[in-house]
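The values are calculated or read from the model by the stated rules, or taken from the named source; none is laboratory data. Since the model is a prediction, treat every value here as computed from it, not as a measurement. Virtual Cβ from ideal backbone geometry, glycine too; neighbours counted across all protein chains shown.
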């Protein structure tokens with residue numbers, strides 16, 4: 001008797017999965033969200049967004065022309081971090097700085113050579129646009145570094161100078177500090193958030209609007225069977241979208257992939273559990289496609305984009321916001337994906353992230369199942 005009951009449940013579940021799969025294939029919006037939208041986002045993050053700080057446009061003012069100041073100016077012009085335009089008057093660059101055509105003005109003052117010859121510490125003025133703090137800090141720090149490097153080179157030319165300490169920097173995993181190498185893996189998590197939460201919330205909310213959800217709940221199918229059966233095709237779509245993004249990341253954008261396929265799919269599958277569960281909960285609570293899409297963007301996409309460490313360091317956020325980030329599943333997927341791509345397999349880190357994502361997903365599914373029963377009752 002129990003065997004026939006189990007067989008009946010299996011047939012019901014497979015029939016439901018088949019029905020949802022056919023519906024997903026026939027729905028153009030599903031294909032658009034699952035495959036076209038990820039490509040657009042990946043191209044935007046791969047080509048349109050860059051945090052690389054090279055060839056920043058600056059104006060260089062030489063208030064006096066001496067071999068010493070020209071030598072220092074040559075160091076700025078040779079730096080790969082600056083694109084330098086020279087002048088004798090800082091007023092030539094003030095309007096460009098206000099308009100954003102340049103990011104800073106470097107002023108070598110008229111008394112620079114005299115102070116240097118007298119043994120005083122000569123000063124260089126750095127004028128930056130404070131409305132863009134990150135760029136302003138970059139210009140200041142690299143201007144300071146260029147001057148320090150110039151000083152070391154001059155000391156090396158003086159025979160009586162004491163040996164100086166040479167610092168050799170090594171950047172692990174991303175030697176060139178190419179922002180694309182960590183932006184593209186992070187964008188895959190954003191894509192999976194959209195595919196999982198937005199797509200699921202829209203599709204299930206559509207069933208509530210049409211009244212077909214109540215009709216299915218009137219059958220012997222249980223709430224758990226219905227929810228799992230409905231999301232299974234979208235779970236597969238999420239993994240397919242992830243696979244497409246990974247292939248593009250490696251083959252088109254040249255992002256190194258140093259981890260294993262097993263770790264990649266284990267992390268992605270674990271992340272889809274809370275993403276799909278959140279979509280189900282939103283659809284069960286709203287029963288309206290427009291409202292469901294707005295809630296999915298606000299509660300899933302924006303937190304994944306802003307509070308996951310994708311673009312903004314979590315440690316620099318206020319303490320209260322840092323605590324909120326622990327509830328964002330993308331916080332655990334993005335660093336794990338970046339590790340898989342750039343460093344390799346670090347399973348203690350992966351297992352901890354997988355466990356937390358599955359726990360968050362279980363909470364979403366429990367809430368969605370409870371809400372669905374209340375809606376039917």
* Asked: Quick check, is residue 141 loosely packed, with under 12 Cβ neighbours inside 10 Å and outside the structural domain of residue 187 (by TED's automatic domain parsing)?
  -> no
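Could you check the range 292-347 for helices (runs of 4 or more DSSP H) lying wholly inside it with 1 or more residues that are touching a residue at least 40 places away in the same chain (Cβ under 8 Å) and either within 23 Å of residue 268 (Cβ to Cβ) or over 12 Å from the mean Cα position of the chain (by Cα) (or both)?
Ranges flagged: 302-306, 330-342.
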* In the range 1-34, how many residues are modelled with pLDDT of 75 or more, under 30 Å from residue 183 (Cβ atoms) and touching a helix residue (DSSP H, G or I) at 6+ places or on another chain (Cβ under 6 Å)? -> 3
* **Test for residue 345: is it touching a helix residue (DSSP H, G or I) at 6+ places or on another chain (Cβ under 9 Å), surrounded by fewer than 21 Cβ atoms within 10 Å (Cβ to Cβ) and at pLDDT below 90** => no
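From the list 136, 241, 148, exactly one residue is surrounded by 22 or more Cβ atoms within 10 Å (Cβ to Cβ), modelled with pLDDT of 75 or more and either assigned by TED's automatic domain parsing to the domain that holds residue 97 or assigned to a helix (DSSP H, G or I) (or both). Which is it?
Going through 136, 241, 148 in turn, just one is surrounded by 22 or more Cβ atoms within 10 Å (Cβ to Cβ), modelled with pLDDT of 75 or more and either assigned by TED's automatic domain parsing to the domain that holds residue 97 or assigned to a helix (DSSP H, G or I) (or both): 241.
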* Structure fact -> Of the candidates 250, 273, the one satisfying the condition of being in a helix (DSSP H, G or I), closer than 27 Å to residue 353 by Cβ and free of Cβ contacts under 8 Å to residues at least 40 places away in the same chain is 250
* To do: Take the range 97-117 and flag every residue that is in a helix (DSSP H, G or I) and either outside the structural domain of residue 136 (by TED's automatic domain parsing) or surrounded by fewer than 16 Cβ atoms within 10 Å (Cβ to Cβ) (or both).
  => 98, 99, 114, 115, 117
* Structure fact -> If you go through 310, 290, 271, the only one that is within 16 Å of residue 192 (Cα to Cα) and modelled with pLDDT under 90 is 310
